[in-house]
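These notes concern the structure reproduced below.
Bear in mind these aren't lab numbers, they're just calculated from the coordinates by the rules spelled out. The structure presented is a predicted model; accordingly, all values stated were derived computationally and were not measured. With ideal geometry, Cβ positions are generated from the backbone for all residues, glycine too; neighbour counts draw on all protein chains shown.
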Amino acid sequence: MKKILKPREREQLLGTAYAFPMGIWFTLFFTIPLAIIILYSFLKRGLYGGVEWEFTFDAYKQMFNPSFAKVVVRTLWISIVATLASILIAIPCGYAMAKSKHQTFLLFLIIIPFWTNSLIRIYAWISILATEGFINTLLIKMGILTEGVQLIYNNGA
């Protein structure tokens, strides 16, 4: 005899059926690779790259190295400063855009750069901000600077 499902049971079954492919996708492309990375972190580094199947804590011992701690603190500091700067810029811009008559056009101007590949954008910024780049050349020709200033590859960048 065939069981007749109540609407609530049918919805739960459908929800499970819809979630199942995503669960498989998540397992295959996130959980398994993450487990492999965690496993490899406990294995000995091979002579020519790769790993040797010998269990060790060497990778985790390096975390207590003073130079490693210095890099972690510096990285966290830079990320906090960058986050705060982004918030201080984004919130006023968002409020201005929300109240503007030209909201669609302004959003379009913000989205345009994302149509370009990130690698191309990075090389463009490097060429603009380099010591011999466009900005330094312009400032030298205007007489504001006598020699190029390092605008990239520093903490202020």
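Taking the condition within 37 Å of the chain's Cα centre (by Cα) and within 30 Å of Gln62 (Cβ to Cβ), does Ile38 pass?
Here the answer is yes, as Ile38 does meet what is asked.
On the basis of being in contact with a helix residue (DSSP H, G or I) (Cβ under 7 Å, 6 or more places away or on another chain), surrounded by 10 or more Cβ atoms within 10 Å (Cβ to Cβ) and of a type outside the set (Gly, Ala, Ser), does Val51 make the cut?
Judged against the criteria, Val51 is a match.
Can you find even one residue in the range 62-83 that is polar (S, T, N, Q), more than 26 Å from the chain's Cα centre (by Cα) and over 24 Å from Ala157 (Cβ atoms)?
Looking for residues that are polar (S, T, N, Q), more than 26 Å from the chain's Cα centre (by Cα) and over 24 Å from Ala157 (Cβ atoms), one finds none in the range 62-83, hence no.
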